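The values are calculated or read from the model by the stated rules, or taken from the named source; none is laboratory data. All values derive from a computational prediction rather than experimental measurement. Methodologically, a virtual Cβ is constructed for each residue, glycine included, from the backbone with ideal geometry; neighbour enumeration extends over all protein chains shown.
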Amino acid sequence: MSAVTIDSFGGGAELRSGKMTPAMQGGIALAAFVVGLGINALLGGMGPVKTLIGTAVAFPILTYAVARQVEGRRLATDRLATTLAWMAFGLVMLPLVSLVWTVVTDGAARMDATFFTETMQGVVSEGGGIRHALTGTLIVTGIAAAFSIPFGLFTAIYLVEYADGKGFSRWITMLVDVMTGIPSIVAGLFAYGLFVALDAPGHRSGLAAGVALTVLMTPVVVRSSEEMLRLVQDELREAAYALGVPKWKTIVKVVLPTAIGGILTGATLAIARVIGETAPLLVTAGTIKTLNANPIEGRMETLPIYSYYSYKTPTIPPELSYERMWASALVLMIVVAVLFSLARVLAAVLKPKGLR
Amino acid sequence: MTSVQAEPAVSAASATSSFEIEQVSKKGDRIFGGISFGAGVLILVTLAAVATFLVTEAAPAFTNTAEDGESLFSYTVPLVFGTIWAAGLALLLAGPLAVAVALYLSHYAPKRIAGALGYFVDLLAAVPSVVYGVWGIFVLAPLVGNNLYPWLEENLGFLPFFEGPALRSGRTIMTAAVVLAVMILPIITAISREVFLQTPRLHEEASLALGATRWEMIKQAVLPYGRSGVISGAMLGLGRALGETMAVAMILSPASVINANLISSQNPATIAANIALKFPESSGLEVNRLVATGLVLFAITFGVNYIARWIAGRGFSGAAG
Amino acid sequence: MSDILNLTDSHTASSTAAGKTSMDLDIAPTTALAAKDLHIYYSDFLAVEDVNMEIPERSITALIGPSGCGKSTFLRSINRMHEVIAGARVEGSVMVGGVDLYGPGVDPVAVRRKIGMVFQRPNPFPTMSIAENVLAGKKLNSKRIPKAEASELVEQSLRGANLWEEVKDRLDKPGSGLSGGQQQRLCIARAIAVEPEILLMDEPCSALDPVSTLAIESLMLELKENFTIVIVTHNMQQAARVSDKTGFFSIEGTGKPGKLVEYDETRTIFSNPREQATKDYVEGRFG
């Protein structure tokens with residue numbers, strides 16, 4: 001039956017192409033380096049980094065040129081794209097890794113117990129710590145979370161469970177979108193204005209800061225809660241209604257428990273986002289060297305403000321302040337990282353079963 | 001006899017209890033529904049309050065002239081320029097790179113580390129801006145100020161961008177733009193990567209079955225599908241760059257100028273940075289003036305968000321049916 | 001059982017009238033595709049074992065069998081789509097036109113340009129128009145297609161897929177606006193536009209309604225005049241209706257590799273197969 005075979009593939013020549021060998025790739029890398037050296041010699045200034053840049057520019061060009069000869073146009077383009085993708089990644093990693101590295105290494109100098117137990121009271125040179133700043137951050141963020149999480153959650157419940165798509169809810173959705181776009185400094189100015197009206201000009205308090213952060217957090221909580229609530233299948237709700245369970249009980253006992261993982265994750269992420277906000281705190285809570293645990297009255301120091309002012313108004317000699325600056329930045333980064341990881345863990349552990 | 005008497009008693013009792021149940025659930029629904037509705041109303045109230053207080057605090061600046069005789073307009077225009085200039089530069093630097101990295105993470109990186117790398121990038125999107133600012137001043141600025149900027153002035157100084165004279169400390173608008181770019185890149189990458197990963201396998205396979213190389217498949221199936229998502233991410237990044245305060249405030253010592261010189265000591269400020277720098281020491285009309293600029297900034301970010309939503313909504317995105 | 005027989009008989013009659021296959025004309029049929037000692041792996045797991053199969057040109061070969069027995073895996077190994085999954089590989093060879101598709105130095109991308117594939121769910125590119133979809137494969141192969149040539153190719157391919165009349169007035173509208181059956185015919189048009197020798201179809205009708213299914217089946221019978229078609233199907237009646245030869249795949253149990261149990265003329269498979277397993281399956285008595 002198989003005496004004759006089709007020669008449709010032309011003996012297979014079209015299926016085969018040259019392949020660039022690792023030896024070739026090594027050769028190209030070397031050639032690119034030589035080009036880099038050449039560029040370094042030709043242009044002045046800036047030091048040996050020119051070699052690196054020259055090599056980086058020459059490498060993809062040479063790769064494409066050689067591949068074009070060996071493998072053909074299409075595969076050469078594909079190889080160029082791959083090379084550029086890898087290089088883009090490398091390029092982006094440089095500043096990001098530098099950032100993390102600097103903060104970790106420079107911040108380590110003050111990772112001692114006194115840093116966490118002392119405030120800046122009476123500190124003119126060495127010593128000093130972030131106890132007042134940590135407390136302030138906890139209070140201010142706590143206030144913001146206490147306000148915005150119920151606020152945002154109930155808004156989401158209204159949008160999804162009660163008024164889905166109907167007139168007023170579309171307004172609310174639009175307004176929440178507007179809220180997402182409020183710059184953080186503007187939120188701070190609003191809170192300032194509000195408390196000036198309630199109190200007096202020049203008002204500073206932790207509560208005002210909490211209100212500013214609430215304005216920033218709420219739309220985030222609304223969005224993420226809304227998404228999670230929508231994922232809960234309607235079948236679950238209908239099963240409850242069919243059993244005669246009233247609507248509010250259905251929401252509380254069926255819908256919320258199903259969506260709770262995602263809601264908590266969203267809330268945690270929202271906290272992580274605002275905990276590092278500096279600008280609104282600048283105009284509401286201000287800065288102070290001592291511990292103030294009263295949110296209603298008086299300036300309250302927070303962690304990001306602490307970092308900022310360690311830089312802006314350093315003690316003598318400034319290096320000691322800068323040490324504190326790096327260390328507080330490190331603490332801030334660790335806090336954010338912990339919250340972030342917590343959110344991921346919550347999402348995985350509390351993964352709901354009744355979702356679409 | 002007893003059963004006849006009992007029955008009305010039983011039905012009366014059940015009638016009472018079901019009536020009670022209805023009462024309870026009606027009340028519960030009313031309360032709960034009321035709270036939820038109230039939350040929605042509170043959103044409305046909050047935004048109205050924001051608008052009101054901002055306008056109230058800003059109003060005096062519109063009607064009175066400041067002590068230095070400068071009109072609100074001439075005060076604000078350079079700030080608006082600085083804001084858009086810095087954010088625009090940042091988006092220019094970050095945008096294409098962010099998309100490239102997102103493609104790398106979704107389609108090129110080895111599967112085993114792609115997840116970890118993605119997590120690292122997501123995490124960086126949450127790093128507070130003050131940390132970026134600190135890195136910008138102590139690491140980036142000296143590096144570029146001593147090396148890159150003099151070189152640019154020497155070799156490309158004929159371009160208005162690099163006229164100089166180069167500032168050795170590196171505390172220029174370009175440095176600020178680079179820091180902004182580094183700051184918004186993780187955001188754009190995170191959103192773009194999410195979208196690229198959601199490209200339906202079906203369409204990727206259709207491309208591959210036609211004999212496309214990986215890059216051709218990306219061009220045919222992945223990028224068109226993710227286009228509106230990428231734009232949304234870019235607009236989100238732009239919004240963040242426009243409103244960014246601390247990094248710019250820490251790096252620049254601003255002058256009230258409008259120029260295209262990227263590496264000199266005369267740098268325009270952004271609205272947000274200006275507020276951050278001046279507010280703590282201001283009083284009276286000065287404060288009103290700052291709030292007025294804040295209002296302008298709000299208008300700008302609102303406009304950008306609106307455009308972003310409009311772009312994301314139109315065209316056959318391919319994501320919807 | 002006899003119903004199936006009647007169906008095959010009627011189709012053979014019509015196919016003789018419509019276009020003669022090499023089998024009817026008593027000419028030794030040429031082999032379009034031959035699998036030799038083919039073993040297909042997912043990393044270390046042997047998914048399909050020892051396939052030996054010769055598929056004649058310009059015919060329709062159906063692959064049938066219970067779920068998970070490797071028919072789709074085998075199909076995808078023909079155009080080297082199988083190895084898109086990380087760690088997937090094969091041992092053995094697939095010969096087309098005297099060339100081993102898995103030979104040294106053979107580029108899988110080049111193989112896929114020569115062999116077309118239609119998937120279970122229609123997948124026209126959503127951001128492209130109908131015309132752009134048809135040309136998608138062609139555009140990959142040649143940089144510039146002159147406009148006249150392009151529109152001629154679009155018409156030719158759409159006619160070949162029996163879709164031209166329905167869409168000729170909206171060639172620049174998105175491909176996603178068509179019905180399921182039309183979308184699948186668009187995918188077929190896209191596949192045949194590059195003029196492959198072999199057309200692979202992976203359960204092409206399972207996501208379609210019965211009317212569209214019959215439309216595609218009659219399309220297949222027309223296409224086989226120019227293409228060699230291999231189709232994976234769960235629908236035995238479909239296999240009996242359209243195919244010339246049928247391969248029955250089966251699996252002993254979960255975790256075991258799939259095997260080609262029997263491969264013969266469709267008539268034989270459905271009326272008196274050699275293997276008991278085949279008999280059980282086609283009579284509906286599978287485990």
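Summary table
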| item | result |
| --- | --- |
| Helices (runs of 4 or more DSSP H) wholly inside segment B:100-205 containing at least 1 residues that are of a type outside the set (A, V, I, L, M, F, W, C) and surrounded by fewer than 20 Cβ atoms within 10 Å (Cβ to Cβ) | B:111-124, B:149-156, B:173-197 |
| Flag for A:Thr102 being surrounded by 20 or more Cβ atoms within 10 Å (Cβ to Cβ), within 7 Å of chain B (Cβ to nearest Cβ) and polar (S, T, N, Q) | no |
| Condition broken by C:Pro124, with the remaining ones in (1) under 17 Å from the mean Cα position of the chain (by Cα); (2) within 25 Å of C:Ile216 (Cα to Cα); (3) crowded, with 18+ Cβ neighbours inside 10 Å satisfied | (1) |
| Count of residues meeting criterion [of a type in the set (Gly, Ala, Ser), surrounded by 15 or more Cβ atoms within 10 Å (Cβ to Cβ) and modelled with pLDDT of 90 or more] in segment B:48-81 | 1 |
| Residue match in segment A:146-157 (condition: under 29 Å from the mean Cα position of the chain (by Cα) and away from chain B (no Cβ under 13 Å)) | yes |
| Selected residue (criterion: modelled with the highest pLDDT) from residues of segment A:216-238 that are among the acidic types (Asp, Glu) and more than 23 Å from A:Pro183 (Cα to Cα) | A:Glu227 |
| Segment B:47-60, residues that are without any contact (Cβ under 8 Å) to a residue 12 or more places away in the chain, among the β-branched types (Val, Ile, Thr) and either more than 7 Å from chain A (Cβ to nearest Cβ) or in contact with a His (Cβ under 6 Å, 6 or more places away or on another chain) (or both) | B:Thr52 |
| Any hit, segment A:249-263, residues being in contact with a Lys or Arg (Cβ under 9 Å, 6 or more places away or on another chain) and within 11 Å of another protein chain (Cβ to nearest Cβ) | yes |
| In segment A:180-231, the residues that are touching a His at 6+ places or on another chain (Cβ under 8 Å) and either farther than 13 Å from A:Leu282 by Cβ or among the basic types (Lys, Arg) (or both) | A:Phe195, A:Val196 |
| Those residues of segment A:261-305 which are in contact with a Pro (Cβ under 6 Å, 6 or more places away or on another chain) and among the β-branched types (Val, Ile, Thr), in sequence order | A:Thr278 |
| Condition met for A:Leu213 (crowded, with 24+ Cβ neighbours inside 10 Å, away from chain B (no Cβ under 12 Å) and either modelled with pLDDT of 90 or more or not in a helix (DSSP H, G or I) (or both)) | yes |
| Residue within segment A:105-123 that is surrounded by fewer than 20 Cβ atoms within 10 Å (Cβ to Cβ), under 22 Å from the mean Cα position of the chain (by Cα), assigned to a helix (DSSP H, G or I) and within 14 Å of another protein chain (Cβ to nearest Cβ) present | yes |
| Among residues of segment C:239-266, those that are under 21 Å from C:Ile229 (Cα atoms) and not in a strand (DSSP E or B), counted | 7 |
| Evaluation of B:Leu252 against (1) crowded, with 22+ Cβ neighbours inside 10 Å; (2) within 11 Å of another protein chain (Cβ to nearest Cβ); (3) farther than 22 Å from B:Glu204 by Cα; (4) not small (Gly, Ala, Ser) (one fails), failing number | (2) |
| Within segment A:124-160, tally of residues that are surrounded by 14 or more Cβ atoms within 10 Å (Cβ to Cβ) and either among the acidic types (Asp, Glu) or part of a loop (DSSP other than H, G, I, E, B) (or both) | 4 |
| Filter pass, C:Gly103 being touching a Ser or Thr at 6+ places or on another chain (Cβ under 9 Å) and at positive phi | no |
| Scope segment A:121-136; condition more than 20 Å from A:Arg204 (Cα to Cα) and not aliphatic (A, V, I, L, M); matching residues | A:Gly122, A:Ser125, A:Glu126, A:Gly127, A:Gly128, A:Gly129 |
| Helices (runs of 4 or more DSSP H) enclosed by segment B:208-321 - at least 3 residues per element that are without any contact (Cβ under 8 Å) to a residue 40 or more places away in the chain, out of contact with any helix residue (DSSP H, G or I) (no Cβ under 6 Å at 6 or more places or on another chain) and more than 30 Å from A:Arg73 (Cα to Cα) | B:285-313 |
| Extreme residue, nearest to the chain's Cα centre (by Cα), among residues of segment B:269-288 that are surrounded by fewer than 24 Cβ atoms within 10 Å (Cβ to Cβ) and over 19 Å from A:Ile305 (Cβ atoms) | B:Asn288 |
| Residue satisfying condition, being surrounded by fewer than 21 Cβ atoms within 10 Å (Cβ to Cβ), at pLDDT below 85 and farther than 26 Å from B:Ala166 by Cβ, within set B:Phe302, B:Phe316 | B:Phe316 |
| Total residues in segment A:181-210, condition at the interface with chain B (Cβ under 7 Å from one of its Cβ atoms) and in contact with a Pro (Cβ under 7 Å, 6 or more places away or on another chain) | 2 |
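The rows are residues; the columns are (1) more than 26 Å from the chain's Cα centre (by Cα); (2) closer than 30 Å to B:Gly34 by Cα.
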residue	(1), (2)
A:Leu229	no, yes
A:Glu235	yes, yes
A:Glu238	yes, yes
A:Thr258	yes, yes
A:Thr265	no, yes
A:Ala272	no, no
A:Thr290	yes, no
A:Glu297	yes, no
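Quick grid of which residues meet (1) modelled with pLDDT under 80; (2) more than 21 Å from C:Ala110 (Cα to Cα); (3) surrounded by fewer than 15 Cβ atoms within 10 Å (Cβ to Cβ); (4) of a type in the set (D, E, K, R):
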site: A:Lys19; (1), (2), (3), (4): yes, no, yes, yes
site: A:Gln25; (1), (2), (3), (4): no, yes, no, no
site: A:Leu30; (1), (2), (3), (4): no, yes, yes, no
site: A:Thr51; (1), (2), (3), (4): no, yes, no, no
site: A:Ile61; (1), (2), (3), (4): no, yes, yes, no
site: A:Val70; (1), (2), (3), (4): no, no, no, no
site: A:Met93; (1), (2), (3), (4): no, yes, yes, no
